[in-house]
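Have a look at the structure below, then the notes.
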Amino acid sequence: ENDQVQKCYFWIAQKTKDQQEYPESFSARERMGSLDEGLKRVYVYYFNEDDSQGKKAATDFKVIFQNDMYAMGLAFPKTGRTHQIRVHALAHGLPLIGDKLYLESYELFQRFKDNLATQEDHQKMMVPRHALHAFGIKIKYQNHPKVFFSDLPRDFLTFIQNNFNVDEREIFARAKELAHN
């Protein structure tokens, strides 16, 4: 509430827009909200920043590495909306891999929820969970700002090794550098 805690999340996304290269950093300010009733209320939609629908939301993104098909980076949520990072990434053409709700469709999400997902459905996800990981947190500790980092998850590293030409140590070093800036 008073910006005393800053969170940083690591993500991996599939590029879906025609844009070949994403800038090293960008901000998402789309408003967010649910339009549906019942079971479908879990799906969060995004609206233009100046729209009257939804609630204000803000996320800053930094791209660490990218290739023709995928991008990975850090997200810094400034507000705390449901599915905020996932929806803002989607709004900018970067749905997270493994995201059963926003990478594909609500119907795909339902098949997974009901344990009816096909082998093809699993292949579309590329990883067994959405590729979003709490990577760092900055808090006041003993009256000084302190940043704490976690390791990158093994299942993400396997995907990265198979799809990016970059070393795990290089990713971690670059992520830490960008998180501090």
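The values are calculated or read from the model by the stated rules, or taken from the named source; none is laboratory data. Worth saying up front: this structure is predicted, and the values here are computed from it rather than measured. Methodologically, a virtual Cβ is constructed for each residue, glycine included, from the backbone with ideal geometry; neighbour enumeration extends over all protein chains shown. We work out accessible area using only protein heavy atoms, side chains counted, and drop any ligands, DNA or RNA first. Shrake-Rupley method; radii C 1.70, N 1.55, O 1.52, S 1.80 Å.
Projection of the Cα convex hull of segment 74-181, averaged over all directions and equal to a quarter of that hull's surface, yields 8.6 nm².
Multiplying each eigenvalue of the alpha-carbon gyration tensor of segment 18-92 by 5 and taking the square root yields semi-axes of 24, 13, 11 Å, largest first, rounded to whole angstroms. Its convex hull of Cα atoms gives segment 124-181 a direction-averaged projected area, equal to a quarter of the hull surface, of 4.8 nm².
Among the listed pairs LYS15/LYS138; LYS15/LYS62; LYS15/LYS40; LYS56/LYS124; LYS55/LYS78, those whose Cα-Cα separation exceeds 20 Å are LYS15/LYS138; LYS15/LYS40; LYS56/LYS124.
Per residue, the solvent-accessible area of the chain (1.4 Å probe, heavy atoms of protein chains only, all protein chains present) comes to 59 Å². Note on GLU168/GLU104: beta-carbon distance plugged into 1/(1 + (r/R0)^6) with R0 of 35 Å gives a FRET efficiency of 0.80.
The residue list HIS92, ALA117, GLY80 was ranked by how far each Cα lies along the charge dipole of segment 80-145 toward its positive end, using unit charges on Cβ atoms, and GLY80 comes out on top. Once the Cα-Cα distance is subtracted from the 0.36 nm per residue extended length, the MET69 to LYS56 segment shows a gain of 1.7 nm. With helices as the sole contributors, the chain gives -7000 deg cm²/dmol at 222 nm; each DSSP H run of n ≥ 4 counts as -39500 (n - 2.57), and the sum is divided by every residue. Cα centroid separation, segment 100-171 to segment 1-73: 15 Å. A simple spin-label model places pseudo-atoms 7 Å from Cα toward Cβ; at GLN161 and LYS176 they are separated by 2.1 nm. For segment 7-79, the fraction of 1.4 Å probe accessible surface lying on carbon and sulfur atoms is 45 percent. With contacts taken as Cα pairs under 8 Å at a separation of at least 6 residues, the chain carries a relative contact order of 24 percent.
With the whole protein complex present, TYR141 retains an accessible surface near 110 Å², based on a 1.4 Å probe. Projected over all directions and averaged, the alpha-carbon convex hull of the chain occupies 11.9 nm².
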